[in-house]
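Working notes, structure below.
Bear in mind that the values in this text are calculations on the coordinates, not laboratory data. Quantities reported herein were computed from a predicted structural model and do not represent experimental measurements. Ideal geometry is used to build each Cβ from the backbone, glycine not excepted, and the neighbour counts take in all protein chains shown.
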Amino acid sequence: MMYSDTHKLNTYFYLVKVKMKFADRFVFVALAICVVGLMVLLSGLDMGLSSRMLDEGTMEEQFWKGFHLDFIGKSNNLSKIERLLYERSRYLDEKKLYYIKNETRDMSHLILHPAYKETIVSLNRPHVNSSRKYIMDWLLSQYNPDSNTRLNDSPWKIAAGWVNERQITPDYAPEIGSILQEMATRRISKADVGHQGTQLKLLLTLDGSQKVVFKPQWYDRDYILTGTPYEGKDRHNGEIASFHFNRLLGLNRSPLVVGRILNLETEIIPVATPELIKTFYVKDKDVCFYGKCHYCKGESTGVCGHGNMLEGVLILWLPPTVSLTKPVKHPWARTYRQGKKATWELYPDGYCESVRSTSYYSARPRLLMDIIDAAISDYIVGNADRHHYETFHGYNNSILVMLDNGKSFGNPTWDVESILAPLSQCCRLRSETWQRLQLLTKGVLSQVLAELLSHDPIQTIIHPSYYTAIERRLQHVIVTIHKCAGQQDVNQILVGD
């Protein structure tokens with residue numbers, strides 16, 4: 001009986017297979033017809049897209065999410081680039097990678113959106129063991145302010161689009177040089193007094209309704225300030241050098257700055273507001289003005305040009321899409337009173353922890369690290385005057401906006417170590433900042449910074465003695481970091497962003 005049942009079961013399965021054989025053939029044929037039809041349809045769409053892309057008369061940027069580039073092996077790095085591009089595909093999707101190809105499908109004829117170029121630069125990012133030349137070449141390719149880059153939109157709109165809660169400029173921004181050139185040459189449509197602050201400045205409007213702050217020249221490049229660490233008036237050239245150094249350090253937290261020589265007679269007086277024009281006067285055939293500020297007390301406090309010409313800098317006004325908070329007192333601010341020390345100077349042990357444990361900083365964990373970054377930057381450029389700071393309103397993770405860098409580059413022989421107090425007392429540092437500091441050693445900092453500054457319209461920006469100073473101060477920062485680590489590895493005091 002067992003055999004009979006088994007035989008019946010096998011017979012049943014055989015009949016089922018026979019019946020399904022005909023059904024399977026029918027389904028397979030139908031499916032094949034669908035696939036062929038779909039391939040024909042897609043081929044037609046692809047040919048249509050290709051014909052539009054290859055038509056020189058209608059060539060336009062096309063968004064490409066597939067990452068199916070035909071790297072044809074003309075460079076030994078292409079396979080590595082292709083692999084890493086795939087790994088960064090999500091990032092590039094956000095940056096909207098565009099491309100245009102010609103019919104030869106040759107890499108030499110591939111025109112790419114700046115987002116792709118940014119990725120290529122990032123792929124080749126050097127490390128601390130890279131050669132000095134390689135590091136310098138990479139930094140210059142990343143930060144060189146080339147004014148020949150074509151702008152595809154208003155310079156003011158491009159700069160405004162960069163600003164978010166964690167940056168004012170992106171790390172890679174090839175348009176910066178061209179935007180700085182626009183700032184240095186655009187017609188001034190309005191000139192007004194600068195109402196805020198202790199220092200004399202003007203609020204100018206350039207064509208295109210872009211506001212900029214003008215800070216005038218007070219000192220020659222070789223003038224050395226002595227006295228307090230915050231002695232004297234703002235150094236206009238210090239604003240330029242600090243902006244480019246801030247970017248070299250990877251911080252990107254300062255507004256764009258460029259030098260400009262104004263003709264007060266033809267560029268300012270004809271468009272000056274009544275409040276500004278009444279502060280103009282002539283002294284020894286030089287055109288002067290004293291404007292409006294805390295220390296602006298009449299002609300005795302005014303600034304004069306050489307005849308009609310006055311050198312200074314323009315600082316780009318932040319876009320209306322962001323607003324600054326009210327100034328916050330810096331926890332390591334000085335007392336600005338002779339003979340009176342601040343709490344952080346009197347009781348350095350445990351001071352950092354007392355700051356970190358406050359509700360304000362515990363709710364903003366990145367802000368204390370921003371303060372340490374700013375302290376390193378300020379120490380190297382010699383700015384001992386960061387008594388208050390501002391952030392972007394509405395963001396708990398906003399950057400510390402590094403405004404007012406004019407008290408920098410005042411004395412190349414004086415290294416004001418107290419500026420580093422946030423670093424030496426907290427003994428914490430971002431990993432990215434530490435890596436960047438190491439890249440800038442061995443003379444890289446001074447040589448690259450000199451090259452960046454050589455593109456500014458006013459020359460020279462800083463006296464050669466300051467290049468020696470910033471190299472010396474950079475080494476002291478690194479020594480301070482190693483002291484914090486003590487017998488431990490430096491990685492023990494490093495933190496992520």
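Which ordering of 356, 473 is given by a fewest-first count of other beta-carbon atoms within 10 Å?
By the 10 Å Cβ count, ascending: 356, 473.
Neighbour counts of other C-beta atoms within 10 Å: give me 135, 176 arranged from fewest to most.
135, 176
Distance from the Cα centre of region 417-446 to that of region 298-337, in angstrom?
Their Cα centres are 26 Å away from one another.
Can you work out the FRET efficiency for the pair residue 195 and residue 125, with r the C-beta to C-beta distance and R0 = 35 Å, to the nearest 0.05?
0.25
Percent relative contact order of region 328-495, based on C-alpha pairs within less than 8 angstrom and at least six residues apart?
24
Among 482-489, 283-290, 137-144, how do they line up from the highest to the lowest mean number of other beta-carbon atoms within 10 Å?
The peptides rank, most packed first, as 137-144, 283-290, 482-489.
What are the residues whose amide H is under 5 Å from the amide H of residue 189, where those residues sit 5 or more places off or on another chain and H is modelled from the backbone?
Answer set, sorted by chain and number: 205, 206, 207.
Would you mind putting 436-444, 392-400, 335-343, 274-282 in packing order, based on average other-beta-carbon counts within 10 Å, highest first?
Peptide ranking by packing, descending: 436-444, 392-400, 274-282, 335-343.
Using r as the Cβ-Cβ distance of residue 167 and residue 300, and R0 as 35 Å, what FRET efficiency do you calculate, to the nearest 0.05?
It comes out at approximately 0.25.
Residue by residue, what Karplus-based ³J(HN,Hα) values in Hz, rounded to whole numbers, does region 211-228 have, using 6.51, -1.76 and 1.60 with θ = phi - 60° and x for Gly and Pro?
7, 9, 9, 9, 10, x, 7, 10, 10, 6, 5, 8, 6, 10, 8, 10, x, 7
Amide H to amide H, which residues 5 or more places from residue 324 or on other chains are under 5 Å from it, using H placed in the peptide plane?
Under 5 Å from the amide H of residue 324: 393.
Listed highest first by mean packing, meaning other Cβ atoms within 10 Å per residue, what order do 371-382, 218-229 come in?
Ranking the peptides 371-382, 218-229 by packing returns 371-382, 218-229.
To the nearest 20 debye, what charge dipole does region 328-495 have about its Cα centre, counting +1 at the Cβ of each Lys and Arg and -1 at the Cβ of each Asp and Glu?
It works out to roughly 360 debye.
Could you grab the Rg to Rh ratio for region 155-316? Cα atoms only, Kirkwood for Rh.
Using Cα coordinates only, the ratio equals 0.97.
Given a cut-off of 30 Å, name the pairs among 133/215; 341/483; 407/483; 215/326 whose C-alpha atoms lie farther apart than that in the structure shown.
133/215
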